[in-house]
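For reference, the structure discussed in these notes is given below.
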Amino acid sequence: MKKKGQFEISFGMLFSIILIIAFIAVAIYATMFFLGFGKCTDVGLFKQYLQEDIDKAWKSDENNFVFSNELAKEISHVCFADFSQQGRGEFKDIYEEAKRGVKENYNIFFWPYKSGCKDIRGFEMLHLDIKDITKTNNPYCIKNNKGKISIKIEKGFYEQLVKVR
């Protein structure tokens with residue numbers, strides 16, 4: 001007569017394994033949540049710092065400098081747009097989708113949308129000469145180079161608003 005091997009596991013051991021799996025799942029979810037929160041923080045800080053530098057140029061008689069900041073590498077472009085006008089130029093193909101995703105008073109957005117914070121697709125920057133910035137290309141987009149974005153901010157002596165290049 002052959003004996004069969006029997007594997008018995010106690011209820012306590014089974015419950016412990018289930019708890020370990022649940023803790024690992026919660027840890028993974030929390031990590032993913034905070035990574036997404038970090039992207040939103042980066043976008044928010046980018047907006048704040050850019051607005052501060054635009055305000056600095058706007059308040060001065062004349063200014064010309066480069067704004068540099070970090071953004072998530074998944075964001076390929078920072079785009080300035082006049083949503084009261086038609087899309088034109090190099091990035092006109094993304095204009096219509098961008099227009100559906102942001103409010104009309106917004107004049108800056110990130111491309112592609114999925115790359116940044118899903119709750120912040122764009123915002124309004126004050127004191128920008130958006131008509132001049134977008135006269136050739138609407139939207140006017142600046143490439144994100146490996147997580148580093150550089151935007152030239154300029155204001156001439158007789159100009160009231162700030163331009164970006």
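Could you check the range 94-112 and list, in sequence order, the residues that are open to solvent by 20 Å² or more (accessible area, probe 1.4 Å), closer than 24 Å to Ser150 by Cβ and not hydrophobic (A, V, I, L, M, F, W, C)?
Tyr106, Pro112
Among the candidates Leu45, Leu35, Leu19, which residue alone is modelled with pLDDT under 95, out of contact with any His (no Cβ under 9 Å at 6 or more places or on another chain), open to solvent by 60 Å² or more (accessible area, probe 1.4 Å) and closer than 30 Å to Gly156 by Cβ? Quick ask: steps written out before the conclusion?
On the way: Leu35 fails: closer than 30 Å to Gly156 by Cβ; Leu19 fails: closer than 30 Å to Gly156 by Cβ.
Step by step, each of Leu45, Leu35, Leu19 is checked, and only Leu45 is modelled with pLDDT under 95, out of contact with any His (no Cβ under 9 Å at 6 or more places or on another chain), open to solvent by 60 Å² or more (accessible area, probe 1.4 Å) and closer than 30 Å to Gly156 by Cβ.
Only residues that are under 21 Å from Leu50 (Cβ atoms) and touching a helix residue (DSSP H, G or I) at 6+ places or on another chain (Cβ under 8 Å): list them for the range 80-97, please.
Within the range 80-97, Phe80, Ala81, Asp82, Phe83 meet the criteria.
What are the pairs with Cβ atoms under 6 angstrom where one residue, in the range 116-132, is modelled with pLDDT under 70 and the other, located anywhere, is surrounded by fewer than 17 Cβ atoms within 10 Å (Cβ to Cβ) and not hydroxyl-bearing (Ser, Thr, Tyr)? Sequence gap at least six, or different chains.
Partner pairs satisfying both residue conditions: Cys117/Cys40.
Is at least one residue of the range 143-162 within 13 Å of the chain's Cα centre (by Cα) and on the phi > 0 side of the Ramachandran plot? Walk me through it before giving the result.
Residues of the range 143-162 within 13 Å of the chain's Cα centre (by Cα): 143-144, 147-149.
Next cut, on the phi > 0 side of the Ramachandran plot only: 147.
Taking every residue of the range 143-162 in turn, at least one turns out to be within 13 Å of the chain's Cα centre (by Cα) and on the phi > 0 side of the Ramachandran plot.
Which of the residues that make up the range 139-165 are surrounded by 19 or more Cβ atoms within 10 Å (Cβ to Cβ) and aromatic (Phe, Trp, Tyr)?
Within the range 139-165, Tyr140 is the sole residue that qualifies.
Among the residues of the range 74-88, what is the count of those that are outside any strand (DSSP E or B) and over 15 Å from Lys103 (Cβ atoms)?
First pass over the range 74-88, keeping only residues outside any strand (DSSP E or B): 74-76, 81-87.
From what is left, the residues that are over 15 Å from Lys103 (Cβ atoms) are 74-76, 85-87.
Matching residues across the range 74-88 total 6.
Of everything in the range 51-73 that's assigned to a strand (DSSP E or B) and touching a Leu at 6+ places or on another chain (Cβ under 8 Å), which residue is least open to solvent (accessible area, probe 1.4 Å)?
Here is the first cut: in the range 51-73, the ones assigned to a strand (DSSP E or B) are 63-70.
When the remaining residues are screened for being touching a Leu at 6+ places or on another chain (Cβ under 8 Å), the result is 67, 69.
On the way: Phe67: 6, Asn69: 28 Å².
The qualifying residue least open to solvent (accessible area, probe 1.4 Å) is Phe67.
The values are calculated or read from the model by the stated rules, or taken from the named source; none is laboratory data. Keep in mind that what you see is a predicted model, and the values were worked out from it rather than measured. Note that we place each Cβ from the backbone using ideal geometry, even for glycine, and neighbour counts take in every protein chain shown. Remember, those area values only see protein heavy atoms, side chains included, never the ligands or the DNA or RNA. Shrake-Rupley method; radii C 1.70, N 1.55, O 1.52, S 1.80 Å.
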